[in-house]
Amino acid sequence: MRICFVSLILGWFLGVHQLYAQNQMHQPTTLSPRQQSIVVMSALTAKGNLQKLPVALNAGLEAGLTVNEIKEVLVHLYAYAGFPRSIRGLQTLMAVLDERQKKGITDKMGPEASPITSNQPKYERGKKVLEQLTGQPETGPKRGYSAFSPEIEIFLKEHLFADIFERDVLSYADRELTTVSVLTSLGGVEPMLQSHLGISLRVGLTEPQLSQALSLIETAIGKAEADAGRAVLKQVAASRR
């Protein structure tokens, strides 16, 4: 009886391990050209590198990003890098599109964001989006900066996660790639980067894809920023194993 029980447990363990291995094998290990462009243009815009940004924007358009998708990336990142960087990125995109039009290139505009029809208060909508991203219920007493400054907690829920993340031009994965690229490039915001790397893994990005994103940031921005990001990714990945 005991031998049968041990055999049953062993068989179950091997089956689970095999299923996990199969799932790992079927996970994407590289970013698409479109996703790679999101990483590079986000990083360059966040750092204000307007000399390299036109090349990245052209590459994004050639990789299949629509004009509205690129606009959305550049608007999204203002929440993390500020209005000045975002607006300079949009101005650079306008110049790139004008130049391409002069060359006879017609770029696809793509769909605009769908109107929000929910009657729920923005704070509740933002809470729901954040719960989807993190997988954690937004209940219980506020802690840390949320308790110290309740105003910013409200702004985050109502504006960042309702007004911005709820827009459907980009997927959650696209928005997280943008966010991770901005935070890594800026540096010094490791707690936020840790949270968004965890969300990235939850919304379908993989550890190898995030490693590739950091390699792209190393080429576009610098080794110090990329290495700091790698250290945080290592911590996040270890906590999930």
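The values are calculated or read from the model by the stated rules, or taken from the named source; none is laboratory data. What you see is a predicted model, and the numbers here were worked out from it, not measured in a lab. Note that we place each Cβ from the backbone using ideal geometry, even for glycine, and neighbour counts take in every protein chain shown. We work out accessible area using only protein heavy atoms, side chains counted, and drop any ligands, DNA or RNA first. Shrake-Rupley method; radii C 1.70, N 1.55, O 1.52, S 1.80 Å.
For this structure, a couple of remarks:
- Failed item in (1) closer than 17 Å to Val169 by Cα; (2) under 20 Å from the mean Cα position of the chain (by Cα); (3) surrounded by 14 or more Cβ atoms within 10 Å (Cβ to Cβ), with Gly89 passing the rest: (1)
- Residue match in segment 217-232 (condition: touching a Lys or Arg at 6+ places or on another chain (Cβ under 8 Å), among the β-branched types (Val, Ile, Thr) and open to solvent by 10 Å² or more (accessible area, probe 1.4 Å)): yes
- Taken over segment 20-51, the criterion of being at pLDDT 95 or above and part of a loop (DSSP other than H, G, I, E, B) is satisfied by Thr30, Leu31, Ser32, Gly48, Asn49, Leu50, Gln51.
- So Gly110, is it farther than 20 Å from Pro191 by Cα and surrounded by 14 or more Cβ atoms within 10 Å (Cβ to Cβ): yes
- Tabulated pairs, segment 178-201, first under 12 Å from Leu44 (Cα atoms) and modelled with pLDDT of 95 or more, second among the hydroxyl-bearing types (Ser, Thr, Tyr) and open to solvent by 20 Å² or more (accessible area, probe 1.4 Å), C-beta under 8 angstrom, 6+ apart or interchain: Val182/Tyr80; Leu183/Tyr80; Leu186/Tyr80
- Residue in segment 114-129 that is open to solvent by less than 100 Å² (accessible area, probe 1.4 Å), on the phi > 0 side of the Ramachandran plot and of a type outside the set (Ser, Thr, Tyr) present: no
- Residues (in a loop (DSSP other than H, G, I, E, B) and touching a residue at least 40 places away in the same chain (Cβ under 8 Å)) located in segment 52-64: Lys52
- Residue in segment 193-213 that is more than 19 Å from Gln35 (Cβ to Cβ) and of a type outside the set (Lys, Arg) present: yes
- Identity of the residue in segment 139-172, among the acidic types (Asp, Glu) and without any contact (Cβ under 8 Å) to a residue 12 or more places away in the chain, that ends up least open to solvent (accessible area, probe 1.4 Å): Glu153
- Helices (runs of 4 or more DSSP H) within segment 141-231 that include 2 or more residues closer than 25 Å to Pro115 by Cα and under 15 Å from the mean Cα position of the chain (by Cα): 172-186
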